[in-house]
Amino acid sequence: MADSPSKPYRRVLLKLSGEAFADEAASISPQVVASVADQLVEVNSLGVEIGVVVGGGNIFRGASPQASGMERSSADHMGMLATVINALALQDACEKRGLDTRVQSAVAMQELAEPYIRRRAVRHLEKKRLVIFASGLGAPYFSTDTAAAQRALEIGAQAILKGTKVDGVYDADPALHPDATKYDRLDYIQVLKDGLKVMDATAISLCMDNGLPIIVFNLRTEGNIRRAVTGEPIGTIVE
């Protein structure tokens, strides 16, 4: 059954995994980053205030085989630095298109980014600047999914947009199971109970406790960020 259109959003938080920056040829693809930047410029022109939380898994992920044998805190801090690289790449692409952008880092690195200050972030958004949040929460053992939920709540976002390589949430990996069923709508409890790969359990719990919807959609389809923020039925909504 098709969903009816949801309401348009005034302020949103876009979650981009590190893999969203990559293609088959490069860990940071200029073409992919340019496509994302074009979509963000389009959304900004509509007057929508948008923050972005970036992951770093295309470069380094603390909880992964590439960190095997490392102390977890050290590995997670390396992952935080990877998110800054992605944030700067996205900032460069957006500013080349005339979109005023700020990178805020949860780990102090004043030569590269502002420190994360909630009130300053909100003020940037009110001035229609794109705010890119890097370094997760600045603490090990917390994923950038959890950082996305936390930042979304702190800035008063009305929804989290989760950009992926597939067009929603399925009951199995559609790349491996052609008969996998796509969900148009899910509730938080079903995501947790069935272990569906939307966001990690901490992030889902934060969203559930605060009534923050999550829209999962294919980032690679041009115009999908605009469709999500304007309320078109797209992907899978978790609420």
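So the values come out like this:
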{"quantity": "Qualifying residue in region 65-78 (condition: under 21 Å from the mean Cα position of the chain (by Cα) and closer than 30 Å to Tyr9 by Cβ)", "calculated": "no"}
{"quantity": "Selection status of Arg151, in contact (Cβ under 8 Å) with a residue 40 or more places away in the chain, out of contact with any helix residue (DSSP H, G or I) (no Cβ under 7 Å at 6 or more places or on another chain), under 28 Å from Pro30 (Cα atoms) and among the basic types (Lys, Arg)", "calculated": "yes"}
{"quantity": "Wholly enclosed helices (runs of 4 or more DSSP H) of region 172-239 bearing at least 1 residues under 28 Å from Asp38 (Cα atoms)", "calculated": "201-210, 224-229"}
{"quantity": "Residue check for Ala25: at pLDDT 95 or above and more than 16 Å from the chain's Cα centre (by Cα)", "calculated": "no"}
{"quantity": "Residues satisfying the stated conditions in region 115-149, i.e. part of a helix (DSSP H, G or I) and more than 17 Å from the chain's Cα centre (by Cα)", "calculated": "Arg118, Arg119, Arg120, Val122, Arg123, His124, Glu126"}
{"quantity": "Residue list for region 71-114, restricted to those being in a loop (DSSP other than H, G, I, E, B), in contact with a Ser or Thr (Cβ under 6 Å, 6 or more places away or on another chain) and over 14 Å from Thr144 (Cβ atoms)", "calculated": "Ala113"}
{"quantity": "Count - residues of region 172-194 that are over 30 Å from Ala75 (Cβ atoms) and in contact (Cβ under 8 Å) with a residue 24 or more places away in the chain", "calculated": "6"}
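The values are calculated or read from the model by the stated rules, or taken from the named source; none is laboratory data. These numbers come from a predicted model, not from an experiment. In this analysis, Cβ positions are derived from the backbone assuming ideal geometry, glycine residues included, and neighbour counts consider all displayed protein chains.
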